[in-house]
Every structure is written in structure tokens, then in C-alpha cells.
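To start, the structure itself, in C-alpha cells.
The values are calculated or read from the model by the stated rules, or taken from the named source; none is laboratory data. Bear in mind that the values here come from a model prediction, so they are computed numbers and not experimental data. When we count neighbours, we look across all protein chains shown, and the Cβ atoms used for this are built from the backbone with ideal geometry, even at glycine.
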Amino acid sequence: MRRRTGLVVVGVLALAWSEWLNWRWSRSLVGSGGGTADAVVVLGFRNPQARANAVNRWRVRAAIRSIPAGGAHATRLILSGGAVGSGVAEARLMADHAKSLGFDGTVLLEDRSTTTWENVVNVIPLIEDAERIAIVSQPAHALKARAYLRRRRPDLAARLVRADDYRPGEWVLVKPLLVLYGLWALRRLGNDERKPSP
């Protein structure tokens, strides 16, 4: 009985810790922004099949809910990701999913990227005139992309605002695993930051 109680306590603490870290990451390296020319950038996830997988579908939904109410036509939805897992670019699969959800605003595709760094570099021409920029992914991955943008284009990074890609309880059972992966990825980011910029 005591052992089971201990496991429950450890499980609850792990879930609470992962929620807190995701909340914190979603609010790191962003400002409040201003203006009306918004760009919401969605980072693709490896997609081996010919339709958007669960992760890419969730990222598209999070991107759409990140668009200000009534702002679909003033906001560019920028979908980024090449054909990493299949013959179809992740950006194209996400665009099809956005359309299936009824999104009828401006959609731009960046369909050459195969890494997060390439996502960031390749969307720069699509966001240069935006006054507010949100990057959508799981919180640790979005934070990594914001850090890359800050390294590559600090002027654009100053326009970053928070996306609606963190909500309490979402992905709750896999959040501890996402946190472990996120900690590993952010640690690697620290090593990347010490390398000269390409």
C-alpha cells in the first residue's frame, strides 16, 4: 500500500513538474508585441504517411487558436516543413488539414526545411514585414525555434509573441516524456549557441 502511494505521489509530481516546465517554456523569449500584421508559423513534425499525423494536426489546431479573434484574414498562417518522412512535404499536409478545419485565411507554405534551424531560416522572408510573430509547436520545440530566430535575426525575434500552444492538461500523459526530450533538445541548443553562426 505504501509503495503504491509513493508511486502515485511520484506520478503526480512528474505531471505537475512537466506542466510547469511547458507553461514556462511557452512564455520564454516572447514579448507582448503590437500592430495588426500577424504571422503564425507552424513547425512541422516528421510525417511518414500521406495525411497529417496527430502531432501535425494538433499543431495546426494550436496555430488556428493562436490567431486573434476575427483576425484570420489579417494573419498569415505559415506552415513549415519539407518531405522528411514521406514524399509529401509536411507543410502541404498541414495546409490540407487547416483547410479541412475550415480555415480560409492566408496560408503560405515553406516546404524545403528538414531541421528546426532550416525552418527558422527559410521562413524569414515570409515574416520580415510582420509586426507580431508567433511560433507554434510543442513548447520546448517552439522555444528552440525562437532561440534560433533570436540568434539569426534579433530584430525579428523582438517581435515574437506567445502562441496558444500550451494549455493545462493537454498531452498530459505524454508531457513528462516531452519534457525529457525538451530538456535534451534545449541542452543541445546551448551547445549550438556556442558554435559560430552560419
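Taking residues in region 143-160 that are free of Cβ contacts under 8 Å to residues at least 24 places away in the same chain, and partners anywhere that are among the aromatic types (Phe, Trp, Tyr), not one pair has Cβ atoms closer than 8 Å while being at least 6 places apart or on different chains. In region 1-45, which residues are modelled with pLDDT of 90 or more, surrounded by fewer than 17 Cβ atoms within 10 Å (Cβ to Cβ) and in a loop (DSSP other than H, G, I, E, B)? Passing the criteria: Arg27, Ser28.
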